[in-house]
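**Student:** Structure below; questions to follow.
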Amino acid sequence: MLGLKLATDPRWANIAEKNLEEILTDHAWCEQKAASNAISLIVNNSQYQDLVSTMTEIAMEEMSHFQMVHEIIKKRGYTLGPERADDYVGQLYKFCKKDGSKNQSFVDRLLFAAMIEARSCERFRVLSTNIKDEELAKFYHELMVSEAKHYTTFLKFARKYSTDVDVDKRWKEWLEFEGELIKNYGNKGEVHG
């Protein structure tokens, strides 16, 4: 369904499970950034009423996920560490088209968000099926379902609002780029690391 070119090695879940405080902190900040991205899409594209409504819902949902992860962090006696850069996301951002039309930039921003949600969904599936911690396995299964909905929502809006982009062709380019990029990740206790 996701179309990702390279699946995460299930052994990545073992790395994550050995560094729960680190993965949970990283995850919390990923949720905050996802909410910020949805807000940015609202700010820059307020003329699309349905997009504004949906991005508002996504921003609120992502912040509720941040809160849920933070509650798990506190419950386990951990501390939310400082926000950190996500190199994977930074590399994806560099792939965004910035020199074309306003519509091309908008569509690519939606595809950028879809790509992050797709990989997050896939990583949450790996966690939910491979970690021994039953509470976290259930939690990550529930989040996997949510991320899948977000992924399809961003793709739907890219297709709906594209005026000068072959979205399916561009999405294939995103998948190919991400398939090569992800080969450099999967060995750290980070959601995308």
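Where a number appears in this text, it was derived from the coordinates with a stated rule and is not lab data. Just so you know, these numbers come straight off a predicted model, no measurement behind them. Please note: Cβ atoms are built from the backbone with ideal geometry, for glycine as well, and neighbour counts cover all protein chains shown.
**Student:** To the nearest 20 debye, what charge dipole does segment 137-193 have about its Cα centre, counting +1 at the Cβ of each Lys and Arg and -1 at the Cβ of each Asp and Glu?
**Tutor:** Dipole size: approximately 200 debye.
**Student:** Can you tell me the Rg and the Dmax, both Å, for the Cα atoms in segment 31-96?
**Tutor:** 14.4, 45
**Student:** Right, something else. Among the lysines, select those whose C-alpha is under 22 Å from the C-alpha of LYS94, and discard any that sit fewer than 8 residues away in the same chain.
**Tutor:** Excluding near neighbours in sequence, the set is LYS5, LYS33, LYS102, LYS169, LYS172, LYS183, LYS188.
**Student:** Continuing with this model, one more query. Which value in deg cm²/dmol, rounded to the nearest 500, describes the helix-derived mean residue ellipticity at 222 nm for the chain, given -39,500 (n - 2.57) per DSSP H run of n ≥ 4 and division by the residue count?
**Tutor:** For the chain, the value works out to -25000 deg cm²/dmol.
**Student:** Please work out, to two decimal places, the log10 of the ratio I(q)/I(0) at q = 0.25, 0.28 Å⁻¹ from a Debye calculation in which every Cα of segment 17-65 carries one identical scatterer.
**Tutor:** Rounded to two decimals, the profile gives -0.81, -0.92.
**Student:** Related question: Report, please, the projected area of segment 12-184 averaged over directions, based on the convex hull of its C-alpha atoms, in nm².
**Tutor:** Mean orientational projected area (segment 12-184, Cα hull): 9.8 nm².
**Student:** So, in nm, how far is label ILE39 from label GLU173 when the simple model puts each one 7 Å beyond its Cα toward the Cβ?
**Tutor:** About 3.1 nm, to one decimal.
**Student:** In whole Å, what is the distance between the alpha-carbon centres of segment 146-180 and segment 35-71?
**Tutor:** Centre-to-centre (Cα) distance: 18 Å.
**Student:** Shifting gears a bit: Can I get the semi-axes of segment 61-128's equivalent ellipsoid? Compute them from the C-alpha gyration tensor as square roots of 5 times the eigenvalues, in angstrom, largest first.
**Tutor:** 30, 13, 12
**Student:** Would you work out the charge dipole size for the chain about its Cα centre, treating the Cβ of every Lys and Arg as +1 and the Cβ of every Asp and Glu as -1, and quote it to the nearest 20 debye? Display every interim value, and only then the final one.
**Tutor:** Details: 27 positive and 31 negative charges, 60 e Å.
Result for the chain is approximately 280 debye, rounded to the nearest 20.
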